[in-house]
Amino acid sequence: MRPLVWVSTNFLWRAVDEESIDGLVNGVAREAGEFGDRLRHLNSGNTRTYAAWVILGAVVLTTLLVWAVR
Amino acid sequence: MQPSYLLTVLTFLPLAGTAALLMLRADDHVWIRRTALAITLVEFGLSLLLIRGFLPDSVQFQFGEFHNWIPSPPIHYHLGVDGISLFLVLLTTFLTPVAMLASWKSIEQRVRGFFVSLLVLETGMIGVFVSLDLFLFFLFWEAMLIPMYFLIGIWGHERRIYAAIKFILYTMLGSILMLVAMIWLYELSGSFDLPQIQSMLVSGQVVLSLRTELLLFAAFFLAFAIKVPLFPLHTWLPDAHTEAPTAGSVILAGVLLKMGTYGMLRFCLPLFPEAAHRFAPYIAVLAIISIIYGALVAMVQTDLKRLVAYSSVSHLGFVVLGLFAFDPTAVQGALYQMLNHGVSTGALFVLVGMLYDRRHTHLIRDFGGLATPLPVIAAFFLFVSLASAGLPMLNGFVGEFLILAGTFTRHVNWASSAAIGIILSAVYLLWAYQRVFFGDVTQEKNRALLDADRRERLVLAAFAALILWMGIGSVGFTRRTEASARNVFELMQRPQAYNARAALASARRAIPDVR
């Protein structure tokens, strides 16, 4: 009985349930949150940065279009 | 088939009832509770009419309603019940008023919102069980998440926000894949209507390629396996069940988990038989892991409510095993075990909630010797525990017996592995019972606890009566589910597709070079 209780508590419950499965699930959630947090910095409020992004986007789009038509 | 509006009334009466609650003053708690209870009791009474009008030998959907809703894509308002869904509807209408009574006094904040949520939830649950249009089914399936999210997130315990978000993200991950599968099925068949798609598949009018069938099966199955939940998709359950208020736990365990197994029986088996057969060995392994793993983890829980939550993983593993044994007896047992689990685990959550109302804790070590101050609660707790552990004469035995007997005829090793779970369920339930109720009163403040009052006795007596009745009067249930359980295997026949594939397979065996 006692070894079974030990294995169930420390391996099945703590290691498998909480650390492995929940760890994976919560890890994905945390990564998604951190990725969003990094993206957030793109919205700096600085108009000149936005303008730079617009120009960069226009260049990329134009290149793609030219490439596609050709 | 004579026209009937019973299912529409059953589905939307609770939703309409919320209007009555909204007309009451928000601080008039007494009348909010009474009105909500009255609505659900009327609902329960009406649902009993289903039994009276139900023809046990018919495999057709009964109390059918069919109306055009959206012309393009063709979505219909199509309702009906058969032997599979009949008692699940009744389980819902039984558990909702009982859950309300169990949470009668323990909810003091935002009382109106609480009862409105329960009523909206009831509409969603009934809708899921009676919908015969895939789109309509999906609508109710999703709609039901919202009130449950609020029930856990607003009226739950300490970690309620984490639990509520985990619950909703898990379920939506599965249901979004199911939605894609439904749209794909519509592309292939041109219909969202379940009986119509079914008959097209059976007649061979629509033939799914093996790859398509495997993918569709996997998408549906994943959504349902999360809901059941099957190991390793189960970790939302202990959090959601433990953090939810008593009524929420009762409904979650009692009804919402059954939607997973109901979905498997209604969609996965009859629509995708070839895929079901191919996946069955793997699913059975997961089911057996769920049975044993859930029981072992339940055994070592320090929190009584978490213990009951993990026991659900174990019990539902039996149901899934019964479904994928492809045996009519095992399917009957699975259906019966769905009802049993709803009643006995619902009762266990109610009892744990009663202890919480008195001591504001779920920890086993805070109890001990409670049989002295709480003899009535202790007696009912023992009765329900024994039912849950599958004692003969009580409901759990019938379901487990049918599942094991049916599974045994096909897969001896599956049945014998699963039987370990029965022993373990007695271990974790009786061990917990001993630590909570037997011995001397270990804490002084437990000595003065008050035993069950009239309302609580009424709730417990209702559960106990049903447990006993389902234990000795099981024929009244099984004779109504039998025809539909057998019919599942009729619906799994695929004349051309099967024969063509079988012919090809035997040709390959005969001439190894044939490609």
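Listed here are the residues, each with its yes/no results for (1) among the β-branched types (Val, Ile, Thr); (2) farther than 30 Å from B:Leu321 by Cβ; (3) in contact (Cβ under 8 Å) with a residue 12 or more places away in the chain.
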site: B:Leu348; (1), (2), (3): no, no, yes
site: B:Tyr356; (1), (2), (3): no, yes, yes
site: B:His362; (1), (2), (3): no, no, yes
site: B:Phe367; (1), (2), (3): no, yes, yes
site: B:Thr372; (1), (2), (3): yes, yes, yes
site: B:Leu382; (1), (2), (3): no, no, yes
site: B:Gly390; (1), (2), (3): no, no, yes
site: B:Leu394; (1), (2), (3): no, no, yes
site: B:Val398; (1), (2), (3): yes, no, yes
*Test set (1) surrounded by fewer than 24 Cβ atoms within 10 Å (Cβ to Cβ); (2) more than 19 Å from the chain's Cα centre (by Cα) - B:Leu145 fails condition number*: (2)
*Evaluate the stretch A:33-56: report whether one residue or more is farther than 16 Å from B:Leu296 by Cβ, at pLDDT 85 or above and within 14 Å of chain B (Cβ to nearest Cβ).*
yes
*Report the residue count in the stretch B:68-112 for those that are in a strand (DSSP E or B) and of a type outside the set (A, V, I, L, M).*
6
_For the condition touching a residue at least 40 places away in the same chain (Cβ under 8 Å), closer than 30 Å to B:Phe114 by Cα and not hydroxyl-bearing (Ser, Thr, Tyr), what is the one hit in B:Gly204, B:Gly174?_
B:Gly174
*Considering only the stretch B:403-503, give the helices (runs of 4 or more DSSP H) lying wholly within it that have at least 2 residues that are closer than 26 Å to B:Pro281 by Cα and not hydrophobic (A, V, I, L, M, F, W, C).*
B:412-437, B:475-491
*asked:* Restricting to the stretch B:189-201, and then to whatever is free of Cβ contacts under 8 Å to residues at least 24 places away in the same chain, polar (S, T, N, Q) and surrounded by 17 or more Cβ atoms within 10 Å (Cβ to Cβ), can you tell me which residue is farthest from B:Val130 (Cα to Cα)?
replied: B:Ser189
*B:Leu151: away from every other protein chain (no Cβ under 14 Å), in a helix (DSSP H, G or I) and within 20 Å of B:Ala19 (Cα to Cα), yes or no?*
yes
*Just to be sure, is B:Val300 within 14 Å of chain A (Cβ to nearest Cβ), on the phi < 0 side of the Ramachandran plot, without any contact (Cβ under 8 Å) to a residue 12 or more places away in the chain and not charged (D, E, K, R)?*
yes
*Those residues that are part of a loop (DSSP other than H, G, I, E, B), more than 14 Å from chain A (Cβ to nearest Cβ) and within 16 Å of B:Lys305 (Cβ to Cβ), I need them from the stretch B:223-253; list them, please.*
B:Ala244, B:Pro245
*Here are some residues: B:Leu208, B:Leu173. Which one is outside any helix (DSSP H, G or I) and more than 30 Å from B:Tyr356 (Cα to Cα)?*
B:Leu208
*asked:* Can you find, within the stretch B:254-285, the residue that is nearest to the other protein chains (Cβ to nearest Cβ) among those that are buried (at least 21 other Cβ atoms within 10 Å of the Cβ) and over 29 Å from B:Phe94 (Cβ atoms)?
replied: B:Ala284
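The values are calculated or read from the model by the stated rules, or taken from the named source; none is laboratory data. Predicted model only: the values in this text are computed from it and were never measured. With ideal geometry, Cβ positions are generated from the backbone for all residues, glycine too; neighbour counts draw on all protein chains shown.
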